[in-house]
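Structure, as structure tokens:
The values are calculated or read from the model by the stated rules, or taken from the named source; none is laboratory data. As the structure is a computational prediction, the values presented were derived from the model and not from experiment. Cβ: placed from backbone, ideal geometry, glycine included. Neighbour counts: every protein chain shown.
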Amino acid sequence: MAKTPPKYGVVIQPRGNDSSLDKLLVTVTLESPQRKELQSLCLFMATADDPPHRYSESNTSATDASGRLDVTFSTADDGSIDVVVSRDTVGDVVLLLEVTPAAIDELTSPMISTELHRDQGGLIGVGSWFLPHVPYRDVSTCHVEWDLSLAAPNTTASWSFGEGPQRTTQTGSDNLLLSSVFMVGPIASYQTEATPAAGNSSSTPRKGDQAPRIYSFGELPACFQLLQKAAAPIFFYARSIFENPECIMKIYIRKIPRGFSGHNFASCFMISYSDLDKPRHDAELIRYMSHEMTHNWAYLGNEPDGYQNMWFIEGIADFYALYLPIMAGVKGSKYFCQTLDEFLIIYYTSPYLRTPLRQVPNDSNGILVSYRRGFMYFLLLDAQLRAAAESRGESAQDQIAVHSTIMSICHKHWNEGGTNSAFWRETLYATLGKDTVDAGLRDMMDGKVLEPHPDLTFPVAGKTVRLKRCEQAMVELGFSDKSFGTRVIKGLVPGSKAQLAGMQNGDRLLYSPSLSSCRMDPDRPFWFVSQRGNTKMHGEYCPRSSTTVPSYRTEILD
């Protein structure tokens, strides 16, 4: 009889008053960890975006079968916290953690996605910010329950794999907990419509299937109501082609002081927005949703030297974001052209267009380079595979030619792990040849400009779309793009449009669209709210220069 994996139990008790919650008391029970004196009990891991909650002896206590267990906290350079026991443990270890939400304002980066945030009277965050990773343990029986006894009557709770106060259980690595979203407070939930898209059986739910559900604090903003109709058919179609029929999906909506962004987590994704930053149009919202959904399945592991293959992870998510809404029957050729045009603009106008990918800095201009360069690689690779299929007399219309290769990667990742770019190339050799495959990936990584074949066309929802050569104006902010990180204006160019709009060096940049959103939309003005002393100022200007670069745009032929 197989031995049951050791327990990792979590009980979360929200605290606050009738109008809002202000902290969580979290009890973590680790079944018989069997630690020796001065050995690590657990770790609170830092992510690429932010360190974990600040734990110390003042907001944490530990006990085991022998009573009080003294622990010490050691913080690494990256912010990770190692919890070390002062003696040998006896039996189960219970940690009591006091978790207070992070302080956020308009200067907080919208890319920070894991912190526990206050939101309209409730709390929402990700497990990795406040729950520990348990070393020396591959699999756990993870229990989660909510204690709402001290919360206001309208308080409800949700996490990636469960609803309400009752205990829910998942078996797997503790990453199930660390990569889950936890939400508690006056939650409003919305069932998406599980109606299949016209003429598409793959977007039809099976009997008993659970359609995606949307969670937000307060009324769902009008700009997100499209998710109620579009999420289910796209999800059911994606789940079908990725051969994952048991997958579930939740959508969490979080309001933040500034920014609009999406982040994928375990069996869910979270969209963050502010009053000033929302989807520019329906296509942008559908693209974000489809991109984040794809992260549930398509993944490529790191290189032997630790390099993370973001060109694959984000590029393939962009690629499926272009096609999934169309193949699910939710969108048509207009969506395809609008989305592809924006991707093409941001790729060809990038200041790092020819920079080797490993050398691209992680600044406001570089943050999306791996996304769009990876996307262009997959767009052109898919065309190559489509042409190869047609040369063999196979039909490759209205399908993603690269999908079977992606599924080879998925199956190896799910069953064995150990995927990397070498394995990716090997899966393509039989179809395209080693020299062609190696050169294609090398060109993308080295910064060679990726150009479509002049005769390239795309079959899209009964239409034929081609790419037409054009000239595209470069972005010219008129101040240093490093100001987006510091939120203080610097490097202002004398006589620039930014200066004429009222900017001065030293102003605090409170609100503005992201640089990438301006680069995607050539007609979008750059608006800003800045502060000088106690005075707030509003301004707007066109952030385009007279310098143009060769690019492409879509054209529907019939």
Review point. For the range 34-85, how many residues meet the condition of being free of Cβ contacts under 8 Å to residues at least 24 places away in the same chain, hydrophobic (A, V, I, L, M, F, W, C) and not in a strand (DSSP E or B)?
Key: 1
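Per-residue answers, yes or no, for (1) out of contact with any strand residue (DSSP E or B) (no Cβ under 8 Å at 6 or more places or on another chain); (2) within 20 Å of Arg469 (Cβ to Cβ):
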| position | (1), (2) |
| --- | --- |
| Lys497 | no, no |
| Gln504 | no, no |
| Tyr511 | no, no |
| Ser514 | yes, no |
| Tyr541 | no, no |
| Val549 | no, yes |
| Leu557 | no, yes |
Exercise for review: Answer yes or no: is there a residue in the range 347-364 that is under 22 Å from Leu285 (Cβ atoms) and under 22 Å from the mean Cα position of the chain (by Cα).
Suggested key: yes
Practice item. Select from the range 135-168 the residues that are among the hydroxyl-bearing types (Ser, Thr, Tyr) and within 27 Å of Val83 (Cα to Cα) and write down the one among them that is farthest from the chain's Cα centre (by Cα). Key: Tyr136
Practice item. With the condition kept exactly as written, say whether any residue in the range 89-110 is assigned to a strand (DSSP E or B), at pLDDT below 95 and not β-branched (Val, Ile, Thr). Key: no
Check your understanding: Given the structure, is Ser530 part of a strand (DSSP E or B), within 26 Å of Leu322 (Cα to Cα) and outside the structural domain of Arg280 (by the TED database)?
Key -> no
Practice item. Identify, by number, the condition in (1) in a helix (DSSP H, G or I); (2) more than 25 Å from Phe484 (Cβ to Cβ) that Asp341 doesn't meet. Key: (2)
Check your understanding: Among the residues of the range 36-59, which ones are at pLDDT below 95, touching a Leu at 6+ places or on another chain (Cβ under 8 Å) and not aliphatic (A, V, I, L, M)?
Key -> His53, Tyr55, Asn59
Practice item. From Leu477, Leu450, Leu467, Leu492, grab the single residue that is modelled with pLDDT under 95, among the aliphatic types (A, V, I, L, M) and either closer than 30 Å to Asp558 by Cβ or not in a strand (DSSP E or B) (or both). Key: Leu477
**Study point:** Residue in the range 294-314 that is surrounded by the most Cβ atoms within 10 Å (Cβ to Cβ), counting only those that are free of Cβ contacts under 8 Å to residues at least 60 places away in the same chain and in a loop (DSSP other than H, G, I, E, B)
**Key:** Asn296
